[in-house]
Amino acid sequence: MSQKKIKRALIAVFDKTGIADFARTLVEEFGIEIISTGGTAKHLKETGITVTMVEEVTGFPEMLDGRVKTLHPKIHAAILADRDKPEHMRQLAEQGIEPIDMVVVNLYPFEKTVADPNCKFEDAIEMIDIGGPCLLRASAKNHKDVIVVPDTASQDTILAELKAQGAISAGTRCQCAARVFAATSGYDTAISDYMSGGDSGQLAANRICRLHREATTKYGENPAQSAAVYSFRHPYQVETNLLFHAESGTNPLVSGEEMSFNNYVDGDAALALVKELTLASLSKYTVAFIKHTNACGCAIGDDPVDTYRRAYLGDPIAAAGGVLCMNTPVTKQIAEVVMNTFPTWGKAAGAAFFKLDVWIAPGFDDDAVKLITTPTEKRKWGATCRLLTVGKMETAPDEKELDYKRITGGMLVQTRDLLGLNEGQWKVVTKRRPTEQEMADLRFAWLVCKHTKSNAITICRDNMLLGGGAGQMSRVKSCDLAIQLARENGHGDRLAEAVAAGDAFFPVPDGPQKLIDAGITAIIHPGGGNRDADTVALCDEAGVAMIMTGTRHFKH
């Protein structure tokens, strides 16, 4: 442990939260001289703290509207001198430079500034900190002699250790230095991303995947794996997500146990589907049940309770223990409906029980949370259910964010699949055009299919998912599975005049034949197969309408 006395501290911060109390403790309890600049010096002086201005140390005034303040040999030599090298100390003495033993700096809020949609380019440029990263990196490099304090959490650690031991341990010095390099690396990456223009159609060269750890999970996908959740950005993110409330930036978990790894995976799938349907403005209300990232129930409608009922009845057995996401705030009335799902509909539909692991909504009012979390003799799951209040669902997707898929030895990176109802490219390829009702159902089925694992088939009617085939090795088996699930869940009589969507083309007509035999009257898929003509001929013969979208939505 270094026992070298701390005599001088340089403090230059943008975020001045708590800095006066920190500086006062350094002065009054440890007799440390404070050197400061501009706004920080003014703030400290106003609270009665004696400050030596940087220009008094350098003999040179601040220049260029404050762009040049600390970029001077009398500052950086005072930080970078190795106290254990006599030649370094001789050179300092020769130039009349006194060492600086502590550097307290936080950076201009570049990310927060550019997250504002009204931010102008020139405003962003002014938020590129130059002196701050230089001071941080210099003191972090020489951390054995200089204590670097890059954030409020580090301030608390430093003061606690000074009070307890009168010195700062080598371990703490190294940890603070590591935080500096993490901060400056992320800072530069944010600037690079912004300066590159964030073109969603082109991946930025040498882009770094920069992550901030938000929380650990009990374990990973399986108990033998450890895991944590990380964010790409801090609460400045605008698109609705599971890590921060869209408007406030606060933690969205308002009740229940901590989120698990699989909760995040399934919750993100549920939120993505509901956001897509909400932005498409097909109906006022959207409800989805997700199991293993696929929709086992989904509906849209003009009444929140009826929309919920139809989504649940899509597959009442699979819905139990899954993730529920809805685009309407949860009131006490809606909470009562959901909490009484099993006696109201589930038992009659053949379900053995009902519970939710995760419930996602724009918000939960206090009465709803109380009702959900207060256990009754027959309903105890609400106390542990994770309630996530994520904010409005209408936020536009972030086109700059990328998709990352891990492979052994590296990462696959791609732009996000943000194409929704590209109806300008759709073509009716059969003699019969879809009816108005079929067209409405085809739009709904197409978007649900987009969010279903490939090979994907979704069968829908009256804006309700009747059955889905997901993740099968052949498309025809996905057709079989979607039909089977619809029948098993009591929707067999509704297959007549239902519609079906496929996420990719049908290579041969066997899949469409299965759907037509089940009663499907309209089909939507991308097209582009060598035997598309055979599939169209089959539909024409059966009087079935078919749309080819020209766009594929594989989801692996």
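The values are calculated or read from the model by the stated rules, or taken from the named source; none is laboratory data. Nothing here was measured: the structure is a model prediction, and the numbers come from that model. Methodologically, a virtual Cβ is constructed for each residue, glycine included, from the backbone with ideal geometry; neighbour enumeration extends over all protein chains shown. Surface accessibility is based on the protein's heavy atoms, side chains included, excluding ligands, DNA and RNA. Shrake-Rupley method; radii C 1.70, N 1.55, O 1.52, S 1.80 Å.
The C-beta contact set for region 149-170 (first residue closer than 16 Å to residue 23 by Cα, second residue hydroxyl-bearing (Ser, Thr, Tyr), distance under 7 angstrom, 6+ apart or interchain) comprises 152/17; 157/172; 159/25; 161/169; 161/172. Among the numbered conditions (1) in contact with a Pro (Cβ under 7 Å, 6 or more places away or on another chain); (2) open to solvent by less than 10 Å² (accessible area, probe 1.4 Å); (3) assigned to a helix (DSSP H, G or I), the only one that residue 512 does not meet is (1). Restricting attention to region 427-469, which residues are among the hydrophobic types (A, V, I, L, M, F, W, C), outside any strand (DSSP E or B) and open to solvent by 30 Å² or more (accessible area, probe 1.4 Å)? Hits for region 427-469 are 429, 439, 440. Screening residue 472 with (1) within 12 Å of residue 522 (Cα to Cα); (2) among the polar types (S, T, N, Q); (3) out of contact with any strand residue (DSSP E or B) (no Cβ under 6 Å at 6 or more places or on another chain) gives one miss only, at (1). When residue 297 is tested against the conditions (1) open to solvent by 10 Å² or more (accessible area, probe 1.4 Å); (2) not in a helix (DSSP H, G or I), the lone failure is (1). When the residues of region 1-44 are filtered to those that are part of a strand (DSSP E or B) and in contact (Cβ under 8 Å) with a residue 40 or more places away in the chain, which remaining residue is nearest to residue 107 (Cα to Cα)? Once the filter is applied, the top-ranked residue is 13.
Per the conditions (1) modelled with pLDDT of 90 or more; (2) under 30 Å from residue 499 (Cα atoms), the sole criterion not satisfied by residue 407 is (2).
Surrounded by fewer than 17 Cβ atoms within 10 Å (Cβ to Cβ), modelled with pLDDT under 95, in contact with a Ser or Thr (Cβ under 9 Å, 6 or more places away or on another chain) and outside any strand (DSSP E or B) - does that describe any residue in region 342-364? Among the residues of region 342-364, not one is surrounded by fewer than 17 Cβ atoms within 10 Å (Cβ to Cβ), modelled with pLDDT under 95, in contact with a Ser or Thr (Cβ under 9 Å, 6 or more places away or on another chain) and outside any strand (DSSP E or B), which makes the answer no. With the requirement that a residue be of a type in the set (Gly, Ala, Ser) and open to solvent by less than 60 Å² (accessible area, probe 1.4 Å), what does region 365-416 give you? Within region 365-416, 368, 382, 383, 391, 410 qualify.
Among the candidates 240, 278, 189, 184, the residue that is at pLDDT 95 or above and open to solvent by less than 30 Å² (accessible area, probe 1.4 Å) is uniquely 278.
The single condition among (1) open to solvent by 10 Å² or more (accessible area, probe 1.4 Å); (2) aliphatic (A, V, I, L, M); (3) touching a Phe, Trp or Tyr at 6+ places or on another chain (Cβ under 8 Å) that residue 496 does not meet is (3).
Does residue 167 qualify as being outside any strand (DSSP E or B), among the hydrophobic types (A, V, I, L, M, F, W, C), open to solvent by less than 10 Å² (accessible area, probe 1.4 Å) and more than 20 Å from residue 35 (Cβ to Cβ)? Here the answer is yes, as residue 167 does meet what is asked. Looking for something of a type outside the set (Ser, Thr, Tyr), open to solvent by less than 40 Å² (accessible area, probe 1.4 Å), free of Cβ contacts under 8 Å to residues at least 60 places away in the same chain and more than 24 Å from residue 33 (Cα to Cα) - is there at least one such residue anywhere in region 87-106? Within region 87-106 (the criterion being of a type outside the set (Ser, Thr, Tyr), open to solvent by less than 40 Å² (accessible area, probe 1.4 Å), free of Cβ contacts under 8 Å to residues at least 60 places away in the same chain and more than 24 Å from residue 33 (Cα to Cα)), the answer is no, since none of the residues qualifies. The residues of region 325-340 that are assigned to a strand (DSSP E or B) and touching an Asp or Glu at 6+ places or on another chain (Cβ under 9 Å) amount to a single one, 330.
Condition first: open to solvent by 50 Å² or more (accessible area, probe 1.4 Å), modelled with pLDDT of 80 or more and basic (Lys, Arg). Can you find one or more residues in region 218-234 that meet it? There is at least one residue in region 218-234 that is open to solvent by 50 Å² or more (accessible area, probe 1.4 Å), modelled with pLDDT of 80 or more and basic (Lys, Arg).
Whether any residue in region 174-188 is under 23 Å from residue 83 (Cα atoms), in contact (Cβ under 8 Å) with a residue 60 or more places away in the chain and not β-branched (Val, Ile, Thr) is what I want to check. Within region 174-188, none of the residues are under 23 Å from residue 83 (Cα atoms), in contact (Cβ under 8 Å) with a residue 60 or more places away in the chain and not β-branched (Val, Ile, Thr).
A count restricted to region 300-320 and to residues that are among the hydrophobic types (A, V, I, L, M, F, W, C), without any contact (Cβ under 8 Å) to a residue 60 or more places away in the chain, crowded, with 21+ Cβ neighbours inside 10 Å and assigned to a helix (DSSP H, G or I) stands at 1.
Look at region 476-490: where a residue is open to solvent by 50 Å² or more (accessible area, probe 1.4 Å) and at pLDDT 95 or above and a partner is assigned to a helix (DSSP H, G or I) and of a type in the set (A, V, I, L, M, F, W, C), sitting 6+ places away or on another chain with Cβ atoms under 9 Å, you get 487/518; 488/317; 490/313; 490/349. Taking region 85-122 as the range and being in contact with an Asp or Glu (Cβ under 8 Å, 6 or more places away or on another chain) and either assigned to a helix (DSSP H, G or I) or not hydroxyl-bearing (Ser, Thr, Tyr) (or both) as the test, the residues that pass are 88, 92, 99, 101, 106, 107, 109, 110, 113. Against the list (1) open to solvent by 40 Å² or more (accessible area, probe 1.4 Å); (2) modelled with pLDDT of 85 or more; (3) polar (S, T, N, Q), the condition residue 139 fails is (1).
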